[in-house]
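Down below is the structure, laid out as structure tokens.
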Amino acid sequence: MFAFIEGKAQIISENLIAVLCGGVGYEINVSKKLKVENNKNIRLYTQLIHKEDSMTLYGFATREEKKLFSTLMATSGVGPKLAMEILSTYSINEIMHILFNKDISMLKKVSGMGLKKAEKLLFELRDKIEKIDINISSAKPYNDNESDVIKALISLGFSNSEAIKSLSIIENKENMNAEDLIREALRNLNSI
């Protein structure tokens, strides 16, 4: 219904803001990680969740966050609050890393996420992970080397998800330079 809302932000609480737009204040649930200043202009990509007894707006700094939110919500047992809690706990890159590596221990650190729910989420997303096309260039990379590797792989014709997956399965990457990471990522892509 609303693609985005742009206006002056009014902070209500840690994860709830009002955006004044055209004389109307839209109450929007946002990630706890979103940095907002009172009375500063902001644009949020929004998703309206309509339930029997309420209509709630969720806002995201990027289209990629909104896309990932929708993907997480497509999993049974994951509602908008839990999906937003995942986005509040981890960056997009970290979430993609968790999903590709099926890292239950990291997923369980999300408030409200138990073992069974984490297992179910990873099980249900196992076939969708490859199809998640997130443009990570707008997300904060782990570090400059990894960002360079992903850009290099994309320039070679690989998709974002292939690049992220090939990079995520490299061990001890913090000790490697960009050239070594590209070499290892290409090996991984040949075996995927």
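Check residue 41 against each of (1) under 21 Å from residue 128 (Cα atoms); (2) of a type outside the set (Asp, Glu); (3) open to solvent by 60 Å² or more (accessible area, probe 1.4 Å) and name the one condition it does not meet.
In the conditions (1) under 21 Å from residue 128 (Cα atoms); (2) of a type outside the set (Asp, Glu); (3) open to solvent by 60 Å² or more (accessible area, probe 1.4 Å), residue 41 misses (1) alone.
May I ask you to list pairs of residues, at least six apart or on different chains, whose Cβ atoms are under 7 Å apart, with the first in the range 113-125 being farther than 17 Å from residue 83 by Cβ and the second being of a type in the set (Lys, Arg) and in a loop (DSSP other than H, G, I, E, B)?
Close Cβ pairs (under 7 Å, with a partner that is of a type in the set (Lys, Arg) and in a loop (DSSP other than H, G, I, E, B)) amount to 115/108.
For the range 173-183, how many residues are of a type in the set (Lys, Arg) and either open to solvent by less than 100 Å² (accessible area, probe 1.4 Å) or touching a helix residue (DSSP H, G or I) at 6+ places or on another chain (Cβ under 6 Å) (or both)?
Counting residues in the range 173-183 that are of a type in the set (Lys, Arg) and either open to solvent by less than 100 Å² (accessible area, probe 1.4 Å) or touching a helix residue (DSSP H, G or I) at 6+ places or on another chain (Cβ under 6 Å) (or both) gives 1.
Quick one: which of 75, 46 is closer than 16 Å to residue 4 by Cβ and open to solvent by less than 30 Å² (accessible area, probe 1.4 Å)?
It is 46.
Test of understanding: among 134, 170, which residue is crowded, with 17+ Cβ neighbours inside 10 Å, at pLDDT 80 or above, in contact with an Asp or Glu (Cβ under 7 Å, 6 or more places away or on another chain) and not in a helix (DSSP H, G or I)?
The conditions single out 170.
For the range 79-129, give me each residue that is at pLDDT below 90, among the β-branched types (Val, Ile, Thr) and either on the phi > 0 side of the Ramachandran plot or crowded, with 18+ Cβ neighbours inside 10 Å (or both).
Once the filter is applied, which keeps residues that are at pLDDT below 90, among the β-branched types (Val, Ile, Thr) and either on the phi > 0 side of the Ramachandran plot or crowded, with 18+ Cβ neighbours inside 10 Å (or both), the range 79-129 yields 92, 95, 98.
Sort through 14, 52 and tell me the only one that's closer than 18 Å to residue 111 by Cβ and either acidic (Asp, Glu) or in contact (Cβ under 8 Å) with a residue 60 or more places away in the chain (or both).
Just a single option satisfies the conditions, and that option is 14.
With respect to residue 33, is the statement that it is crowded, with 16+ Cβ neighbours inside 10 Å, within 24 Å of residue 146 (Cα to Cα) and free of Cβ contacts under 8 Å to residues at least 60 places away in the same chain true?
The answer is no for residue 33.
Just a yes or no: is a residue in the range 29-39 of a type in the set (Asp, Glu), at pLDDT below 95 and closer than 16 Å to residue 85 by Cα?
no
Does at least one position in the range 5-28 carry a residue that is open to solvent by 70 Å² or more (accessible area, probe 1.4 Å), among the basic types (Lys, Arg) and within 23 Å of the chain's Cα centre (by Cα)?
Checking the range 5-28: not a single residue is open to solvent by 70 Å² or more (accessible area, probe 1.4 Å), among the basic types (Lys, Arg) and within 23 Å of the chain's Cα centre (by Cα).
All but one of (1) at pLDDT below 95; (2) within 24 Å of residue 163 (Cβ to Cβ); (3) open to solvent by less than 60 Å² (accessible area, probe 1.4 Å) hold for residue 63, so report the exception by its number.
(3)
How about the range 151-166: which of its residues are within 11 Å of residue 93 (Cα to Cα) and either modelled with pLDDT of 75 or more or open to solvent by 70 Å² or more (accessible area, probe 1.4 Å) (or both)?
164, 165
Looking at 81, 120, 66, which one is over 15 Å from the mean Cα position of the chain (by Cα) and in a helix (DSSP H, G or I)?
Step by step, each of 81, 120, 66 is checked, and only 120 is over 15 Å from the mean Cα position of the chain (by Cα) and in a helix (DSSP H, G or I).
When you check residue 52 against the structure, is it open to solvent by 40 Å² or more (accessible area, probe 1.4 Å) and assigned to a loop (DSSP other than H, G, I, E, B), yes or no?
yes
The values are calculated or read from the model by the stated rules, or taken from the named source; none is laboratory data. Quick caveat: nothing in here was measured; it's all calculated off a predicted structure. With ideal geometry, Cβ positions are generated from the backbone for all residues, glycine too; neighbour counts draw on all protein chains shown. Accessible surface areas use protein heavy atoms only, side chains included; no ligands, DNA or RNA. Shrake-Rupley method; radii C 1.70, N 1.55, O 1.52, S 1.80 Å.
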